[in-house]
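One structure is given here, and the rest of the page talks about it.
The values are calculated or read from the model by the stated rules, or taken from the named source; none is laboratory data. Just so you know, these numbers come straight off a predicted model, no measurement behind them. Every residue, glycine among them, receives a Cβ derived from its backbone with ideal geometry; neighbour counts consider all protein chains shown.
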Amino acid sequence: SVGVGCNTDGWVHRIWTPWNNGLVGTLPDEIGSLSHLGSLALQFGKIEGSIPVSIGDLSDLFELGLSNNQITGAVPASLAGMRNLQILALDDNNLTGKIFDKLSNLKELTYIYLEDNMFDDGIGDLDVMKLPNLMHLDASSNLLTGTLSPDLLSHPTLTVLDLNTNNIQSKIPTDIGIQETLNFLALHMNDLSGVIPPEISNLEGLDYLDLSHNMLEGEIPDIMGTLKELEYLFLGANGFNSGPIPDFLRDMTTLKELSLKRTNRTGAIPEWIGELDQMYLLDLDGNSLTG
């Protein structure tokens, strides 16, 4: 079933489908004629085909939700004209090609969900500073390449940045300003190299940080101990210098999950680990620990 809502003037303002609705077929070109449509939310169906070019005619649209369907092809360039769009949810489809070049002028964008597609943009092609209201960006499990820009980690309103499971070949930027809003940063399963820079401590609001399954090296910096909000820290499967479990962790009393698997840890497991009484997951697998 499909729900249709009208505004007080009788114009169709909202179209939506319930969870696991079984909606099949393709999006018709005529969708662009619904000039007063504010929300199009057709998630969790079996919609096939491509997104019609006429979608760009929906100039009043603030929510475009097509998640969890079977939509294919590239996102049309006409998306760049949807200047009122605040929520863009295209995740869990089979979309291909580039999308970031269509987003930079959508200044109202707040939530972007692109995960689990086959977009192959360069991550540097998204100028996040042109999106002043951006709070949530998930482009995980795609084919993204390129290098991380300092702007991505310094955006003043961003709270969630998830770029895990891509092909990003980059160092972690050192030019990171003080950023208090970012609380979720997932960069695991990429090709990050170099060291964790001390400037990571400028991300003062982090409670979730996953840098695992990359090619990071050097020391695990002690200054990470200043991230007092951290509850989830995953550094496993990197090539850090051999050494003991870092002592700074003893003061991170908010930790709930910690992974240092395959990070060349040596020596004994320190007794203070048992004093981290909030922690319920500790992964030290694949090291050379003794005692």
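Taking the criterion of being of a type in the set (Val, Ile, Thr) and surrounded by fewer than 22 Cβ atoms within 10 Å (Cβ to Cβ), the residues of segment 179-199 that qualify are 181, 195.
Among the residues of segment 24-49, those identified as over 22 Å from residue 7 (Cβ atoms) and assigned to a strand (DSSP E or B) are 24, 25, 26, 46, 47, 48.
Output the residues belonging to segment 199-234 that are part of a strand (DSSP E or B) and either in contact with a Lys or Arg (Cβ under 8 Å, 6 or more places away or on another chain) or over 25 Å from residue 169 (Cα atoms) (or both). Quick ask: steps written out before the conclusion?
Restricting attention to segment 199-234, the residues satisfying the condition of being part of a strand (DSSP E or B) are 203, 208-210, 215-216, 232-234.
Within segment 199-234, just 232 meets the criteria.
Out of all the residues in segment 66-76, is one or more within 26 Å of residue 206 (Cβ to Cβ), polar (S, T, N, Q) and surrounded by 20 or more Cβ atoms within 10 Å (Cβ to Cβ)? Steps first, please.
Residues of segment 66-76 that are within 26 Å of residue 206 (Cβ to Cβ), as a first pass: none.
No: zero hits.
Residue pairs whose Cβ atoms lie under 8 Å apart, sitting 6 or more positions apart in sequence or on different chains, and linking a residue in segment 268-280 that is at pLDDT 95 or above to a partner that is of a type in the set (Asp, Glu) and surrounded by 10 or more Cβ atoms within 10 Å (Cβ to Cβ), are 270/247; 278/231; 279/257; 280/257.
Inspect segment 253-266 for any residue being in a helix (DSSP H, G or I) and either exposed (fewer than 15 other Cβ atoms within 10 Å of the Cβ) or in contact (Cβ under 8 Å) with a residue 12 or more places away in the chain (or both) and give the result as yes or no. I'd like the intermediate steps shown before the answer.
We begin by selecting, within segment 253-266, every residue in a helix (DSSP H, G or I); these are none.
Checked segment 253-266: no residue is in a helix (DSSP H, G or I) and either exposed (fewer than 15 other Cβ atoms within 10 Å of the Cβ) or in contact (Cβ under 8 Å) with a residue 12 or more places away in the chain (or both).
Annotation note: of 125, 101, the sole residue that is in contact with a Gly (Cβ under 9 Å, 6 or more places away or on another chain), of a type outside the set (Gly, Ala, Ser) and surrounded by fewer than 20 Cβ atoms within 10 Å (Cβ to Cβ) is 125.
Residues are listed down the side, and each one gets a yes or a no for (1) farther than 14 Å from residue 206 by Cα; (2) touching a Phe, Trp or Tyr at 6+ places or on another chain (Cβ under 6 Å); (3) assigned by TED's automatic domain parsing to the domain that holds residue 202:
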residue	(1), (2), (3)
220	yes, yes, yes
224	no, no, yes
233	no, no, yes
236	yes, no, yes
245	yes, no, yes
252	no, no, yes
255	no, no, yes
260	yes, no, yes
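Pairs are defined by a Cβ separation below 7 Å, a sequence spacing of at least 6 or placement on different chains, a first member in segment 184-204 that is at pLDDT 95 or above, and a second member that is in a strand (DSSP E or B) and β-branched (Val, Ile, Thr); the pairs so defined are 184/160. Would a scan of segment 114-136 turn up a residue that is touching a Ser or Thr at 6+ places or on another chain (Cβ under 9 Å), outside the structural domain of residue 236 (by TED's automatic domain parsing), at pLDDT below 95 and within 26 Å of residue 14 (Cα to Cα)? No: zero hits.
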